[in-house]
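The values are calculated or read from the model by the stated rules, or taken from the named source; none is laboratory data. Computed from a prediction, not measured in an experiment: that's the story for all the values here. Methodologically, a virtual Cβ is constructed for each residue, glycine included, from the backbone with ideal geometry; neighbour enumeration extends over all protein chains shown. Calculation scope for accessible area: heavy atoms of the full protein, side chains included, ligands and nucleic acids excluded. Shrake-Rupley method; radii C 1.70, N 1.55, O 1.52, S 1.80 Å.
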Amino acid sequence: MRRADRLFQIVQLIRGRRLTTAAFLAERLEVSERTVYRDIADLQHQGVPIEGEAGVGYRLGAGFELPPLMFTQDEASALVAAARLAQSWVDPAMARDIETGLGKILSVLPPSARVSAEALALYAPALGLSDLLRERLQTLREAVQSHHKLHLVYRDVAGEPSERTVRPLGCFYWGKVWTLSTWCELREDFRGFRIDRIDAVEVLAERFRDEPGKTMADMLRQVKAEAAEAKRLQMSWPEGVPTAPDAGVALARSTEPR
């Protein structure tokens, strides 16, 4: 990669993230961190408002704009592939938005790049979710965005029903199954629910605010800590004894409420 191209890429990578470390940039650009530090210093000397310092991270100052970008043919093909895959596994409203957004992107490409991207031989038949589950996913996703509490009627893996009032935090996709991660007001803890086991959902008028200990960030920190503990147990497990639970299932395990 030419140095001018690398400097341009550095600005692009920094502008797309809250805080970008030199290690991240070095890995993406396949150069050393020393090279990244030198490039950052050169960009700052040229007047690019990059804030931060080595060992902490960098961000782009407000008000700095680059001219409009043009996607490469490979990038356009990747976007088409991602859109086709996603449309089979998201709710109807988001699927329509994906189609509209992709059309806007393709419309500004050179004709040859557009034809090549649209001819990509990668398809995802719409067999992923039933119409009912798609509509339910949309209801849950919109409740996450609007911070409305939900009342759920749910069946666990044994078929036992329960009713919960929850704060929806996020929707997770596991390959063939979507789950809703929540703060459960009954258990006063984080709980997950498979959307294909939700028999009924009611969006309540009551809205909630993020509170310390009850947010998505808090849940992810808890999951990370549980995964680290599981990994530690695996490493210390006696030889010949069945292994400890896989650290990678820490988040998936929360998909069944207790």
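Would you please put 39-52, 201-214 in order of how densely packed they are, using the mean number of other Cβ atoms within 10 angstrom per residue and starting with the highest?
Top to bottom by mean Cβ count within 10 Å: 39-52, 201-214.
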Query raised in the report: Quick one: how many Å² of residue 218 are accessible to a 1.4 Å probe, rounded to 10?
Result: 30
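Counting only heavy atoms of protein chains, what accessible area per residue, in Å², does the chain have with a probe of 1.4 Å?
Heavy-atom accessible area per residue stands at 61 Å².
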Query raised in the report: Okay, helix-only estimate at 222 nm for the chain: each DSSP H run of n ≥ 4 adds -39500 (n - 2.57), divide by all residues, round to 500 deg cm²/dmol; what do you get?
Result: -13500 deg cm²/dmol
Query raised in the report: Once the convex hull of the C-alpha atoms of the chain is built, how many Å³ does it hold per residue, rounded to a whole number?
Result: 214
Query raised in the report: Setting aside same-chain residues fewer than 8 positions from residue 214, which lysines have a Cα under 20 Å from its Cα?
Result: 149, 224
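Classify the range 40-122: rounded, prolate or oblate, from the alpha-carbon gyration tensor (a ≥ b ≥ c, eigenvalue square roots; a/c under 1.5 rounded; otherwise prolate if a/b is larger than b/c)?
Here the range 40-122 falls in the prolate category.
Which net charge results when you count Lys and Arg as +1 and Asp and Glu as -1 among the other residues whose beta-carbon is under 9 Å from that of residue 149?
0
How high is the relative contact order of the chain, in percent, with contacts defined as C-alpha pairs under 8 Å that are six or more residues apart? Provide the component values of the computation, followed by the final result.
Working: 333 pairs, mean separation 30.3, N = 258.
That works out to 12 percent.
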Requested in this report: Work out from phi, with θ = phi - 60° and the Karplus expression 6.51 cos²θ - 1.76 cosθ + 1.60, the ³J(HN,Hα) of each residue of the range 131-147, listed in order in whole Hz, and give x for Gly and Pro.
Outcome: 4, 4, 5, 4, 5, 5, 4, 5, 4, 5, 4, 5, 5, 4, 5, 8, 6
Query raised in the report: By the gyration tensor of its Cα atoms, with a ≥ b ≥ c the square roots of the eigenvalues, what is the shape of the range 178-221: rounded for a/c under 1.5, prolate for a/b over b/c, or oblate?
Result: oblate
Report task. Pull up all non-local amide H partners of residue 169: gap of 5 or more, or a different chain, and H-to-H distance under 5 Å with H placed in the peptide plane. Result -> 181, 182, 183
Requested in this report: Just check the range 1-62 against the gyration tensor rule for me: Cα atoms, a ≥ b ≥ c as the square roots of the eigenvalues, rounded for a/c under 1.5, and otherwise prolate or oblate depending on whether a/b exceeds b/c.
Outcome: rounded
Query raised in the report: GNM on the chain, C-alpha springs below 10 Å: top fluctuator among 85, 180, 13?
Result: 13
Query raised in the report: Largest first, what is the accessible-area ranking of 37, 58 with a 1.4 Å probe?
Result: 37, 58
Query raised in the report: How much of the accessible area of the chain, probe 1.4 Å, is carbon plus sulfur, in whole percent?
Result: 55
Report task. Calculate one ³J(HN,Hα) per residue across the range 172-182 by plugging θ = phi - 60° into the Karplus curve 6.51 cos²θ - 1.76 cosθ + 1.60, and present them in order as whole Hz with x for glycine and proline. Result -> 10, 9, 10, x, 10, 10, 9, 10, 10, 8, 9
**Report entry** Range of Cα positions in the range 60-198 per principal axis (Å), largest first
**Finding:** 56, 42, 19
